[in-house]
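Only one structure is covered here, and it is reproduced in the block below.
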Amino acid sequence: MTNAPEKITLSFYRYVNIEDPAALMQSLRAAWEPLGVKGRTYVAHEGINAQVTVPVENRDAFCAHVRSVFPEMPFKFALEEKGEAFAKLKIKVRKKLVADGLPDGSFDVTNVGRHLDAEAFHEALDQPGTLVVDLRNHYECEVGHFQGALLPEANTFRDALPEVLDKLQGQEDKKILLYCTGGIRCEKASAYFRFRGFKDVNQLHGGIIDYARQISEKGMPSRFVGKNFVFDQRMGERVTDDVIAHCHQCETSCDTHVNCRFEGCNRLFIQCSNCAVAFEGCCSRECQTIMQKPKEERVQVQHEWEKKLGPQHYLSRTRIPENYAEPIERT
Ligand SMILES: [Zn+2]
Ligand SMILES: [Zn+2]
């Protein structure tokens, strides 16, 4: 019996001008398919963002091919195989790599900030007057962030960027440290910060994901507290044992994100295990009541809600119902 070939998971991205994304998509597919590459890759006029798995024996050939197209592309290898198997190779042409709402063509996206590793980031943190800026959304910051960081209130990156720029107005001469989950949001944002007159713009290279790997490898103390929110089944990777968030329903210390069990709502929120039982996995009594209805009735309400709320509604903090923190009996 032969074992299935071992695979490695890796990701890479870069903002770079791509003349013909459709042609690039074709040539990447032609080169990668024979190597057994699977995963998701987006190409746009503004760059490339890829997360793939590659059979171990083809790792070098794959990396060599990527670097023949994008010289010196940095790769990030996953520490352990999470078993998140990609079924096939998907390469798509997109308008943008990340929905950032920035005016295309108005500034040089390749004029990025200085990339810092964990050690250099710590040194910069200790310099007086340094401003640390989290470029993630409020629900990501809520469960974990760097000590002393400016944390956006916004629900999306598109809204977080103008929010932090507004708050930093007049501080263009200070040292700015940007960070995000995996580094890609900082790539674009750091160029935009520079365009907006910030003179000393720095970014955490590889984001919190790679920071966590570096500090654990080097045995360094973490300056990031709590969990790094990621969109997989775990909804977050613990960096330190600190639980800095609270259950949205009873305020006990908790940092477990869940989606409301009523699919028409699907709201992303923090719920402790007691409230999970008391609310049957729902975000509110309203959703709990709907969940207790017969399926046909529930599906009808679901369709109505989806029409009313739009695709991103479940991330919206403004949807927290008035009676949200309704007290429950603690056990
Ligand atoms: Zn609770
Ligand atoms: Zn709900």
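The values are calculated or read from the model by the stated rules, or taken from the named source; none is laboratory data. None of the values given here were measured: they were computed from a predicted structure. Don't worry about glycine lacking a Cβ; one is built from the backbone with ideal geometry, like all the others, and counts go over all protein chains shown.
Results for (1) β-branched (V, I, T); (2) without any contact (Cβ under 8 Å) to a residue 60 or more places away in the chain; (3) more than 20 Å from Y13 (Cα to Cα), shown as yes or no for each residue.
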| position | (1), (2), (3) |
| --- | --- |
| K88 | no, yes, no |
| K92 | no, no, no |
| F107 | no, no, no |
| T110 | yes, no, no |
| F121 | no, no, yes |
| L131 | no, yes, yes |
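Here's a check for you: in the range 211-242, which residue that is within 13 Å of the chain's Cα centre (by Cα) and of a type in the set (D, E) is modelled with the lowest pLDDT? Checked the range 211-242; the qualifying residue modelled with the lowest pLDDT is D232.
A quick yes/no check of all residues on (1) more than 12 Å from ligand 1 (Cβ to nearest atom); (2) in contact (Cβ under 8 Å) with a residue 12 or more places away in the chain; (3) assigned to a helix (DSSP H, G or I):
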{"site": "D242", "(1), (2), (3)": "yes, yes, no"}
{"site": "H248", "(1), (2), (3)": "no, yes, no"}
{"site": "E251", "(1), (2), (3)": "no, yes, no"}
{"site": "N266", "(1), (2), (3)": "yes, yes, no"}
{"site": "A276", "(1), (2), (3)": "no, yes, yes"}
{"site": "C283", "(1), (2), (3)": "no, yes, no"}
{"site": "E297", "(1), (2), (3)": "yes, no, yes"}
{"site": "V301", "(1), (2), (3)": "yes, yes, yes"}
{"site": "W305", "(1), (2), (3)": "yes, yes, yes"}
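Is it true that some residue in the range 116-123 is part of a loop (DSSP other than H, G, I, E, B) and modelled with pLDDT under 95? Checking the range 116-123: not a single residue is part of a loop (DSSP other than H, G, I, E, B) and modelled with pLDDT under 95. Scanning the range 252-269 for residues that are surrounded by 13 or more Cβ atoms within 10 Å (Cβ to Cβ) and either more than 13 Å from ligand 2 (Cβ to nearest atom) or on the phi > 0 side of the Ramachandran plot (or both) yields T252, C254, D255, T256, H257, N266. Here R67 passes the criteria (1) touching a residue at least 24 places away in the same chain (Cβ under 8 Å); (2) more than 20 Å from the chain's Cα centre (by Cα) except the one numbered (1). Filtered by the rule that a residue be under 21 Å from V230 (Cα atoms) and either outside the structural domain of V299 (by TED's automatic domain parsing) or surrounded by fewer than 18 Cβ atoms within 10 Å (Cβ to Cβ) (or both), the range 277-287 gives a lone residue, G281.
Test C272 against the stated conditions and say whether it is at pLDDT 95 or above, in the same structural domain as V258 (by TED's automatic domain parsing) and closer than 16 Å to H257 by Cα. The answer is yes for C272. Within the range 203-248, the set of residues being of a type in the set (A, V, I, L, M) and closer than 18 Å to N259 by Cβ comprises V230, M235, A245. A single entry from E251, E326 fulfils the requirement of being among the acidic types (D, E) and at pLDDT 85 or above: E251. Filtered by the rule that a residue be β-branched (V, I, T) and modelled with pLDDT of 85 or more, the range 53-106 gives T53, V54, V56, V66, V69, I91, V93.
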